[in-house]
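Structure first, commentary second.
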Amino acid sequence: MPSQRHEWSIYVVRTASGALYTGISTDVERRFDQHANGHGAKALRGRGPLALVYRVAIGDRALAQRVEHALKALAKADKEAVIVAQPKRRYWLRVCAPRPG
């Protein structure tokens with residue numbers, strides 16, 4: 001049986017208090033349902049209702065982790081700007097591509 005390739009996505013969830021949580025997954029809908037039902041990240045438990053405010057398919061896991069790290073490093077105002085702009089994958093490829101050594 002051939003191995004399945006999973007495309008990784010980055011996503012941002014807003015809590016009821018307005019806090020933002022960033023994560024990666026190969027199935028954002030399933031992962032968001034886990035968060036919403038209290039079975040996802042501990043940081044989101046009891047902080048609902050939750051809203052999925054941004055997601056974009058990134059590609060491989062390594063790039064998704066670099067994008068996640070870059071998003072988590074942003075100030076909240078900058079994260080809000082990302083949510084408003086809803087940048088596509090090509091933006092993140094440009095911003096987070098590995099630099100030649």
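A short reminder: the numbers here are calculations on the coordinates, not readings from a lab. Model, not experiment: these values are computed from the prediction. Using ideal geometry, Cβ is built from the backbone for each residue, glycine included, and neighbour counts are taken over all protein chains shown.
Fewest first, what order do I24, I58, I10, I83 take by the number of other Cβ atoms within 10 Å?
Taking fewest neighbouring Cβ atoms as first place, the list is I83, I24, I58, I10.
FRET efficiency for A62 and I83, Cβ-Cβ distance as r, R0 = 41 Å, nearest 0.05?
Taking R0 as 41 Å, the efficiency between A62 and I83 is 0.95.
Need the list of aspartates and glutamates near K76 for cross-linking: C-alpha distance under 15 angstrom, and skip anything on the same chain fewer than eight residues off.
Within the straight-line limit of under 15 Å, K76 reaches these aspartates and glutamates: E68.
For region 8-96, compute Rh as the Kirkwood radius over C-alpha pairs and then the Stokes-Einstein diffusion coefficient at 4 °C and 1.567 mPa s; write the answer in µm²/s, rounded to an integer.
Taking Rh from Cα pairs, D becomes 99 µm²/s.
When E29, E68 are ordered from fewest to most other Cβ atoms inside 10 Å of their Cβ, what list results?
E29, E68
Just tell me which aspartates and glutamates come within less than 15 Å, Cα to Cα, of K42; anything on the same chain fewer than 8 places away is out.
The qualifying aspartates and glutamates are D33.
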